[in-house]
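Beneath this line is the structure, given in structure tokens, with notes to follow.
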Amino acid sequence: MQMVVDSLRKKGKIYKKMQEVPLKELGIRNKIKIYKATDVNGYFWAIFAISQKSKLLMKDVHKFEEIYAKLVLYFDHNFKHKALFIDAPLCSKAKDAFITQGWKIQ
């Protein structure tokens, strides 16, 4: 979580509260970290941190949208912003799809 906080702080994003979402409660078996954060303006952020060696493809875009839908149902509210931290290479079509669906890629 410290890596996510540090990189967001460098970009000027400061959060009042940040908590990690347990994946078992969402029924997810992926190797990702999901955080729910509240910024100083009171907006909610859904932050996904992905660390993998293989390239992210279009099928992964659909998978993360499904996970986001589960997250919205779990907390019973929509998030103002969706951020994605990726250590892996990203396919250009997948990047365009993430951006059109409202994701901020870090």
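Bear in mind these aren't lab numbers, they're just calculated from the coordinates by the rules spelled out. Everything numeric here is computed off the predicted structure, so don't read it as measured data. Because the Cβ atoms are built from the backbone with ideal geometry, glycine has one as well, and the counts that use them run over all protein chains shown.
For the range 17-76, rounded, prolate or oblate, judged on the Cα gyration tensor with a ≥ b ≥ c (square roots of eigenvalues), a/c < 1.5 rounded, else prolate if a/b > b/c? Here the range 17-76 falls in the prolate category. Among Ile28, Ile47, Ile86, the largest mean-square fluctuation in a Gaussian network model of the chain (Cα springs under 10 Å) belongs to Ile28. Of the options Leu90, Leu73, His62, report the single residue whose Cα projects farthest towards the positive end of the charge dipole of the range 1-105 (beta-carbon charges: Lys, Arg +1; Asp, Glu -1). In the range 1-105, that residue is Leu90.
Can you tell me the dipole magnitude for the range 2-105 around its Cα centre, using point charges on the Cβ only (Lys, Arg +1; Asp, Glu -1), in Debye to the nearest 20? Write down the numbers at each step before the final one.
Numbers: 21 positive and 10 negative charges, 51 e Å.
For the range 2-105, the charge dipole is close to 240 debye.
For the residue pairs Lys13/Lys104; Lys10/Lys93; Lys59/Lys80, the alpha carbons lie more than 22 Å apart in Lys10/Lys93; Lys59/Lys80.
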